[in-house]
1. Can you give me the number of residues within region 162-190 that are under 20 Å from P254 (Cβ atoms) and either surrounded by fewer than 18 Cβ atoms within 10 Å (Cβ to Cβ) or without any contact (Cβ under 8 Å) to a residue 24 or more places away in the chain (or both)?
2. Please pick out the residue among I140, I136, I132, I102 that is without any contact (Cβ under 8 Å) to a residue 12 or more places away in the chain and either open to solvent by less than 10 Å² (accessible area, probe 1.4 Å) or β-branched (V, I, T) (or both).
3. Return the only residue of R77, R91 being without any contact (Cβ under 8 Å) to a residue 60 or more places away in the chain, of a type in the set (D, E, K, R) and within 27 Å of A268 (Cα to Cα).
4. Quick check on region 215-234. Is at least one of its residues within 24 Å of I132 (Cβ to Cβ) and aromatic (F, W, Y)?
5. Select from region 229-255 the residues that are over 28 Å from N89 (Cα atoms) and of a type in the set (G, A, S) and write down the one among them that is surrounded by the most Cβ atoms within 10 Å (Cβ to Cβ).
6. So which of I60, I140, I107, I136 ends up being part of a helix (DSSP H, G or I) and touching an Asp or Glu at 6+ places or on another chain (Cβ under 8 Å)?
7. Residues S63, S115: which one is touching a residue at least 12 places away in the same chain (Cβ under 8 Å) and over 21 Å from P149 (Cα atoms)?
8. Looking only at region 227-251, which residues are aromatic (F, W, Y) and farther than 18 Å from T184 by Cα?
Amino acid sequence: MTNIKTFIKTQPVLAYFVLTFAISWGGVLILGAPYGMPTTKEQFEKLWPIVFLPFLLGPITASIILTGFVYGKSGFRELLSLLIRWRVNVRWYALALLTAPILALVILFALSLISQAFIPNVFTADDKLTLILKGIAIGIIGGGLLEEPGWTGFAVPGLRRQYSVFTTGLIVGLLWGVWHFLPTYWGSGDTSGVLSLSLLLPPCFFYVGVLPPYRILMVWVYDRTESLFVAILMHASLTASVLFILAPSIEGVPLFIYYLVLAAVLWAVVAVVYRRLKVQL
């Protein structure tokens with residue numbers, strides 16, 4: 001027990017990642033394994049709250065546990081101050097809220113010139129308001145609020161004491177991406193309950209291709225604002241726009257192509273921030 005306490009005290013960020021994966025993946029394995037892979041959309045919609053709730057609670061639960069254990073009351077006060085820090089320059093709000101939807105719209109518009117399959121859902125859905133409200137709700141609650149008190153509130157400050165914005169963003173971004181793998185694997189069964197690579201591979205590429213550069217930009221914005229509130233909004237913007245409101249009704253190779261282009265553009269944006277704007281990443 002003493003060795004565990006020493007490890008947590010001396011390596012709090014590493015302990016955070018271990019605990020986050022243990023809670024999230026443990027929940028998926030315990031609650032999802034008995035049902036096997038969903039074989040229909042109806043079955044998935046019935047089961048996903050059971051499987052995904054403990055998964056989504058992993059980052060924030062690990063943050064609360066380790067903040068109390070490592071930093072005590074002062075750690076909670078600092079976390080709260082970051083959460084309610086909203087008075088920042090409006091340009092950071094613009095970057096946080098508009099980066100993902102603008103890039104997605106531009107890319108999808110360009111790809112739709114080749115195939116109309118790339119037209120965003122919001123332009124084709126019968127009930128546009130419901131789609132928008134659902135995307136915003138899931139983005140804010142399931143994305144930003146339940147994840148960023150951990151990724152940004154705990155892991156990022158700890159890593160920034162040792163590493164640059166770029167390295168911190170890359171580390172958190174890659175682990176953030178890998179963290180999504182197990183529930184995606186669980187939900188990637190075909191109508192026979194057999195793993196479908198066309199359902200699994202595109203989102204996996206999204207996790208390792210899109211999330212790391214986007215996280216680097218998130219760390220850059222956080223580094224300039226020290227606002228967990230803005231980080232929550234930036235995460236919510238990506239989830240709401242790319243995965244829901246603007247997501248085209250495609251899968252397999254077309255979806256992979258879209259994510260490939262989005263990843264390339266995001267890495268280009270990171271390069272612009274690094275070289276043209278001369279930001280110390």
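1. Initial filter on region 162-190 (under 20 Å from P254 (Cβ atoms)): 184, 187-188, 190.
Filter again for either surrounded by fewer than 18 Cβ atoms within 10 Å (Cβ to Cβ) or without any contact (Cβ under 8 Å) to a residue 24 or more places away in the chain (or both), leaving 184, 190.
So the count comes out to 2.
2. Working: I140 fails: without any contact (Cβ under 8 Å) to a residue 12 or more places away in the chain; I136 fails: without any contact (Cβ under 8 Å) to a residue 12 or more places away in the chain; I132 fails: without any contact (Cβ under 8 Å) to a residue 12 or more places away in the chain.
After ruling out the rest, the residue left standing is I102.
3. Working: R77 fails: within 27 Å of A268 (Cα to Cα).
Sole residue among the options that is without any contact (Cβ under 8 Å) to a residue 60 or more places away in the chain, of a type in the set (D, E, K, R) and within 27 Å of A268 (Cα to Cα): R91.
4. yes
5. The selected residue is A247.
6. Details: I140 fails: touching an Asp or Glu at 6+ places or on another chain (Cβ under 8 Å); I107 fails: touching an Asp or Glu at 6+ places or on another chain (Cβ under 8 Å); I136 fails: touching an Asp or Glu at 6+ places or on another chain (Cβ under 8 Å).
None of the others qualify; the one that does is I60.
7. Working: S63 fails: over 21 Å from P149 (Cα atoms).
Just one listed residue meets the conditions, S115.
8. Restricting attention to region 227-251, the residues satisfying the condition of being aromatic (F, W, Y) are 229, 244.
Correct list: F229 only.
The values are calculated or read from the model by the stated rules, or taken from the named source; none is laboratory data. Note that the coordinates shown come from a computational prediction; the quantities given were computed from them, not determined experimentally. We place every Cβ from the backbone using ideal geometry, glycine too, and count neighbours over all the protein chains shown. With ligands, DNA and RNA removed, areas are computed over all heavy atoms of the protein, side chains included. Shrake-Rupley method; radii C 1.70, N 1.55, O 1.52, S 1.80 Å.
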